[in-house]
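The values are calculated or read from the model by the stated rules, or taken from the named source; none is laboratory data. Everything numeric here is computed off the predicted structure, so don't read it as measured data. All Cβ positions, glycine included, derive from the backbone under ideal geometry; neighbour counts span all protein chains shown. Accessible surface areas use protein heavy atoms only, side chains included; no ligands, DNA or RNA. Shrake-Rupley method; radii C 1.70, N 1.55, O 1.52, S 1.80 Å.
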Amino acid sequence: MKIRDTFLPLSSPVLGEEEIAEVVDTIRSNWLTTGPKTKRFEAEFSAFTGASAALGVNSCTSALHCALVAMGIGAGDEVITTPLTFAATANVIEHVGARPVFVDVDPETLNLDVDKIERSLTLKTKAILPVHLAGHPVELDSLAALAKARRLLLLEDAAHAVGAEYKGRKIGSGENPAAFSFHTTKNMTTADGGMLTGPSAFVDKARVPSLHGMSNDGWKRYEQGGAWFYEILMPGFKYNMNDIQASFGLAQLKKLPGFQARRTAIAHAYTAAFSGEPALQVPADRGHVVHAWHLYILRLSLAALTISRDRFIDELRARRVGTSVHFIPMHLHPYYRDKYRFRPAALPVAVAEYERFMSLPLGAGMTDEDVGYVIEAVKDIIAKFRA
Ligand SMILES: *Cc1c(COP(=O)(O)O)cnc(C)c1O
């Protein structure tokens, strides 16, 4: 095949004049930190997801951390989560002094396997923290039923899932809190940023740790005519979203449906090209969900190839195609492995799948030519290394 001239990255943000205009407008207003734009972005994001309320923060990690604090989770508690996630999901559990308990994943969706949770529950289990991996929602009905029966709290890591739906309901619109990421690589971006959605009373509670532990009245001192008096209710964090970030968010949110349509079309093109190829397994897309297609996780059938996943990635890089692996199972990382004495075999599905998956380039800015090129590159490698 003819190798392209430029490197095709795994993802890149799609920004335009709208983002520039909104940011410039904020600069001209002379109000840079949390203020009217953040309030508007919170309101528009709530309206988009169908959430009762939303809290803008400086990252999804901060949103998760504030949510755990507001849920009252702390030392001695256990939180069930998935090993196939970014470090932030487990790290925040450590930050509040609790213990992350990793439960193996469902081999079809790679999401937390709800049927396997029961046997990991103890008297110390307080919450379940699932991740909608790649933007494919977890089985929320079964999770909610289990949480209700066992009196557990539920917090969704929705970093990948803005715009995703489960049985006709948007992720973030439910009774339990959900944390979204606007990191540069995500489906919409504020450079860095995050949002916590949930019931109004819960969001008010999470707002306190997000800004130094100040009482909600203190938060309002940012508004015109705001009172000077506030009280510190806890030693909180400095996690607020600023109005520059919110400006990006306001412009990106308007474009999100268009981004989503493009990501979906690309994912469908990949799946159409790779279905039926015995060396490949295309990602799950269950009928009762709307997939946000943050990632396109392609799995190799290693027995059908003479090379490993690592070599496959090298071959794609040689063809100037960017990839990544989402994710290295958390229990293999030195901190978690050593602290909790994990063996890889503790979570056999996560480890077996990890050894054979990689993510292909996916972004709203990709051209049809880019998509066709990725398909050609994958097929070229398979033809060369078929067992
Ligand atoms: C990106 C990501 C996060 C963290 O998002 P930030 O906004 O960078 O803090 C958390 N969880 C998952 C699954 C992610 O992919």
**OP:** Taking the residues in segment 294-307 that are more than 27 Å from the chain's Cα centre (by Cα) and surrounded by fewer than 21 Cβ atoms within 10 Å (Cβ to Cβ) as candidates, determine which candidate is nearest to the ligand (Cβ to nearest atom).
**Re:** L302
**OP:** Go through (1) surrounded by fewer than 20 Cβ atoms within 10 Å (Cβ to Cβ); (2) away from the ligand (no atom under 16 Å from the Cβ) and name the single condition T184 misses.
**Re:** (2)
Original post:
Among (1) more than 16 Å from the ligand (Cβ to nearest atom); (2) touching a residue at least 12 places away in the same chain (Cβ under 8 Å), which single condition is A201 missing?
Top reply: (2)
Original post:
Does L15 satisfy being within 16 Å of the ligand (Cβ to nearest atom), open to solvent by 30 Å² or more (accessible area, probe 1.4 Å), closer than 30 Å to I266 by Cα and not charged (D, E, K, R)?
Top reply: no
Original post:
Considering only residues of segment 356-367 that are under 18 Å from R4 (Cβ atoms) and touching a residue at least 12 places away in the same chain (Cβ under 8 Å), which is surrounded by the fewest Cβ atoms within 10 Å (Cβ to Cβ)?
Top reply: G365
**OP:** Out of the residues in segment 23-38 that are outside any helix (DSSP H, G or I) and within 28 Å of A88 (Cα to Cα), state the one that is nearest to the ligand (Cβ to nearest atom).
**Re:** T34
Original post:
Conditions: (1) of a type in the set (A, V, I, L, M, F, W, C); (2) more than 10 Å from the ligand (Cβ to nearest atom); (3) in contact with a Leu (Cβ under 6 Å, 6 or more places away or on another chain). V92 meets all but one. Number of the miss?
Top reply: (2)
Original post:
So which residues in segment 188-211 are open to solvent by 10 Å² or more (accessible area, probe 1.4 Å) and closer than 22 Å to I244 by Cβ, if there are any at all?
Top reply: A191, D192, R207
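Yes/no per residue for (1) at pLDDT below 95; (2) open to solvent by 30 Å² or more (accessible area, probe 1.4 Å); (3) assigned to a loop (DSSP other than H, G, I, E, B):
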residue	(1), (2), (3)
R40	no, yes, no
F45	no, no, no
G56	no, no, no
A75	no, yes, yes
L84	no, no, yes
T89	no, no, no
**OP:** Find all pairs meeting these conditions: Cβ atoms under 6 angstrom apart; at least six residues apart or on different chains; first residue within segment 297-318 and outside any helix (DSSP H, G or I); second residue exposed (fewer than 13 other Cβ atoms within 10 Å of the Cβ).
**Re:** L305/A387; T306/A387
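A quick yes/no check of all residues on (1) open to solvent by 30 Å² or more (accessible area, probe 1.4 Å); (2) touching a Gly at 6+ places or on another chain (Cβ under 9 Å):
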site: L123; (1), (2): yes, no
site: A127; (1), (2): no, no
site: H132; (1), (2): no, no
site: G135; (1), (2): no, yes
site: L140; (1), (2): no, yes
site: A144; (1), (2): yes, yes
site: D157; (1), (2): no, no
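Just to be sure, is I20 open to solvent by 20 Å² or more (accessible area, probe 1.4 Å), outside any loop (DSSP other than H, G, I, E, B) and either more than 24 Å from Y239 (Cβ to Cβ) or touching a residue at least 60 places away in the same chain (Cβ under 8 Å) (or both)? Can you show your working first?
Details: open to solvent by 20 Å² or more (accessible area, probe 1.4 Å): yes; outside any loop (DSSP other than H, G, I, E, B): yes; either more than 24 Å from Y239 (Cβ to Cβ) or touching a residue at least 60 places away in the same chain (Cβ under 8 Å) (or both): yes.
Spelling it out, I20 is indeed open to solvent by 20 Å² or more (accessible area, probe 1.4 Å), outside any loop (DSSP other than H, G, I, E, B) and either more than 24 Å from Y239 (Cβ to Cβ) or touching a residue at least 60 places away in the same chain (Cβ under 8 Å) (or both).
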**OP:** Residues being farther than 14 Å from F182 by Cα, β-branched (V, I, T) and either open to solvent by 10 Å² or more (accessible area, probe 1.4 Å) or in contact with a His (Cβ under 9 Å, 6 or more places away or on another chain) (or both): count how many of those fall in segment 242-269.
**Re:** 1
